[in-house]
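The values are calculated or read from the model by the stated rules, or taken from the named source; none is laboratory data. Source: prediction; values computed, not measured. Cβ sites come from the backbone with ideal geometry, for glycine too, and all protein chains shown count toward neighbours. Side chains included, ligands, DNA and RNA excluded: accessible areas come from the protein's heavy atoms. Shrake-Rupley method; radii C 1.70, N 1.55, O 1.52, S 1.80 Å.
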Amino acid sequence: MKLWKKSVVLSIALLALGVARMPYEAGLTRELRDARLLPSALDIGTVEKIGQTSAAVAFGGLRTLIATFLNLRAFTYFTEKRWDDVADTYDTIVDLAPHTRYYWDSGYWHIAYNAASYYMYDSTLAPVRRKEAWRTSILKGRSFLERGIRNNPDDWVLHADLGYLLSDPNKFPAFKDQRETFSAAADAYQKSAETGKALGYVRRFRFYALARVEGREAQALALARELYAEGTKNRTPTFLSLLLVLEAHENPSMDTTARAIELFGTPQKAYSALSGHWQRINERFPIFGIAEAMATLENRLSIPEKDRVLNQPLPAPRNLEKSFNE
Amino acid sequence: MSTATHIPQKGSHTGRILIIATHAFTQLVRMKVFYFLAIFAIITIASNFFNLPQHEGPESVGTNVLSQIKGWSFGTMHIFSVVLSIVATALLLPKDVEDRTLYTILAKPVPRFDYLAGKLLGVMLLIFISLALMDGLMTLVLQIRTSMVAKEQMEMATTLGWPQREIDALRAETFSNGPSWSMQGAVIAVFLRASIMASLALLISTFSTSTLFTTIVSFMVYFIGHFQADARDVYLHGGQAGEGMIAKVTSLLFALVLPDFQIFNVIDAVIQGETMPIIALGKLTLVALYYAMFFTIASWFIFSDKEF
């Protein structure tokens with residue numbers, strides 16, 4: 001048979017078998033995509049950013065390899081304080097490897113923490129511009145992290161990261177509605193705990209966030225009682241102080257001193273823990289009933305007037321505005 | 001030379017194919033292909049030293065290096081296997097013609113199918129052994145590093161007074177980033193893709209006039225094959241965006257003619273910690289078998305009465 005005739009026969013066979021295999025391959029692709037084994041198509045912007053050579057490699061099924069190299073590049077940008085490049089590179093990295101926790105985690109950290117802190121002290125900018133850059137960077141970091149969560153809803157660390165960012169006292173001024181922010185932090189910690197893989201501190205941190213949401217005190221108290229019942233591992237000074245506060249909120253006529261001694265074991269321990277709580281003003285923890293308990297404990301422990309925490313001025317709240325003007 | 005004349009043959013097909021495969025394998029080994037393993041070893045070991053600073057808690061310390069080892073090792077395996085499958089196969093026939101070995105073999109009662117299948121099997125054997133060695137090295141390095149990371153994390157967790165249940169959970173999570181059966185499945189997926197490429201290169205080399213042509217065309221098909229699934233999607237689900245008939249027919253042709261290499265990109269998901277079910281691997285194997293068989297039979301069809 002002549003080559004051209006063979007070519008015709010072969011082409012017909014190729015097309016006929018192609019028709020037969022197409023539904024199988026289409027079904028398999030769908031199946032693998034549903035099982036998260038196949039990535040979605042690369043964004044056109046990502047292709048442009050990584051360049052043609054890298055795009056070819058990425059299309060060839062080596063996206064994670066390109067992502068590791070871009071991660072090294074992002075680190076160089078970080079050391080050179082090229083924050084826009086850091087953010088851009090992480091956007092590309094997570095497009096290439098959307099299910100690698102490390103990239104979301106590192107990306108959000110660079111944007112919301114490192115870049116934001118840099119802008120805060122960037123003397124080349126006017127104070128107003130500094131503050132705006134600082135705030136924008138934090139919001140960008142939050143948005144990046146939320147995107148990571150949407151891509152990895154079962155990842156407890158990313159949920160916990162969001163909870164941590166929203167409860168960070170150094171970031172409070174970046175978020176307009178503090179109540180909404182604490183509430184979102186509590187919800188983030190809850191979602192982290194619901195994955196079933198989170199470490200023990202996550203539920204306790206959820207409680208810390210929830211305790212600061214006005215209107216959700218009852219819910220916070222119910223959670224505190226649940227955590228308390230689980231044993232001593234959750235009974236940190238912060239936890240016990242907040243439990244006391246929420247009980248006092250629920251029942252204003254409660255004997256807070258007696259309850260404090262019951263919770264902490266001794267009047268000395270109770271006074272020490274409550275003093276610490278009283279002075280943690282930057283974290284905006286509620287303080288119902290604390291002052292009364294401390295006053296009674298100061299009398300009972302015969303603490304000299306000059307040493308009484310209630311007689312001393314509260315530590316000055318951290319003034320971020322000052323940082324922007326330094 | 002023509003096969004039109006029937007030549008009585010002795011021995012089994014399998015025996016002949018295996019002898020030719022062994023010969024092709026030896027021929028390729030003599031080309032110092034295994035030197036590449038030294039480069040692979042350097043890359044795998046080097047990937048250990050790019051531990052960038054991170055802010056995460058004890059639960060995540062060092063885990064980035066584990067996925068980096070997998071990423072770099074799989075990347076190297078992937079590139080090596082694809083390049084080797086194309087170049088080695090493209091070389092085989094022209095080299096046999098140049099050395100005149102081809103005439104000696106075909107003058108004997110060796111069916112041309114056995115000759116082609118043997119050559120292909122030799123290349124696949126070489127790729128398989130190379131990948132197995134690389135896989136062994138990667139698994140060893142990954143296992144050692146995972147144990148080191150786990151030890152470091154355990155020490156930190158114990159110092160911080162974590163409850164035993166949490167320490168155990170952390171240990172399990174860390175080891176889930178280490179060597180796994182899914183990782184072995186991904187290595188098989190690398191091999192399957194390389195096997196398809198080798199059989200495709202064999203087909204092209206049966207009608208090609210030069211090694212260079214075979215290599216270039218094979219690489220082009222390899223890259224375009226990663227868009228086959230997109231072409232298929234355009235054909236199956238297109239129309240909403242107002243694509244014309246020409247676009248639909250072109251995408252259909254692409255989908256029918258080219259192999260779908262995108263489905264083998266499951267490797268990336270495994271590197272990121274996803275589990276590959278055995279059924280998925282089985283289905284990928286079926287796809288690879290189909291392509292390898294079709295291309296080999298097609299190669300024989302072209303080669304069967306080719307004059308030399």
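A few points about this structure:
- Rounded to the nearest whole Hz, the Karplus-based 3J(HN,Hα) values (6.51 cos²θ - 1.76 cosθ + 1.60, θ = phi - 60°) of segment A:245-255 follow the sequence 4, 6, 5, 5, 5, 6, 10, x, 8, 5, 7, with x at glycine and proline.
- Ordering A:GLU132, A:GLU247, A:GLU146 by accessible surface, largest first, gives A:GLU132, A:GLU146, A:GLU247; the 1.4 Å probe counts only protein heavy atoms, with every chain in place.
- The modelled label-to-label distance for the pair A:ASP154/B:TYR35, using points 7 Å beyond Cα in the direction of Cβ, is 4.6 nm.
- Pairwise label distance in nanometres, A:ILE281 with B:LYS306, each label 7 Å out on the Cα-Cβ vector: 8.7 nm
- If R0 is taken as 45 Å, the Cβ-Cβ distance between A:ASP307 and B:GLU155 corresponds to a FRET efficiency of 0.65.
- Angle in degrees between helix A:44-59 and the longest Cα principal axis of chain A, rounded to the nearest 10: 60 degrees
- Amide N proximity, segment B:260-281 versus A:ASP34 label position 7 Å along Cα-to-Cβ, cut-off under 15 Å: B:277, B:279-280
- Within the full protein context, the accessible area of B:HIS78 is estimated at about 10 Å² for a probe radius of 1.4 Å.
- Pairs of lysine residues in chain B that meet both criteria, 8 or more places apart or on different chains and Cα atoms under 23 Å apart, total 12.
- Residues B:ILE42 and A:SER323, FRET efficiency given R0 of 45 Å [Cβ-Cβ distance, rounded to 0.05]: 0.45
- Average other protein chain Cβ within 10 Å of Cβ, residues A:30-40: 6
- The slack in the chain from A:ARG225 to A:ARG129, taken as 0.36 nm per residue of separation less the alpha-carbon distance, amounts to 30.0 nm.
- For the protein assembly as shown, calculated [θ]222 nm from helices alone, where every DSSP H run of n ≥ 4 adds -39500 (n - 2.57): -23500 deg cm²/dmol
- Within segment B:92-137, the trypsin sites (Lys or Arg not before Pro) that combine a DSSP coil assignment with at most 16 other C-beta atoms in a 10 angstrom radius are B:ARG100.
- Taking a span of 27 Å or more along the helix axis (Cα atoms) and a mean Kyte-Doolittle hydropathy of at least 1.0 as the rule, the DSSP H helices of chain B that qualify are B:181-207, B:278-303.
- Relative contact order computed over chain B (Cα-Cα under 8 Å; 6+ residues apart), in percent: 27 percent
- Sorted peptide list for A:301-311, B:126-136, criterion being average Cβ within 10 angstrom, highest first: B:126-136, A:301-311
- Max mean-square fluctuation residue, GNM over chain B, Cα-Cα springs under 10 Å, options B:THR63, B:THR76, B:THR159: B:THR159
- Contact order normalised by residue count of segment A:235-316, Cα under 8 Å, 6+ apart, percent: 32 percent
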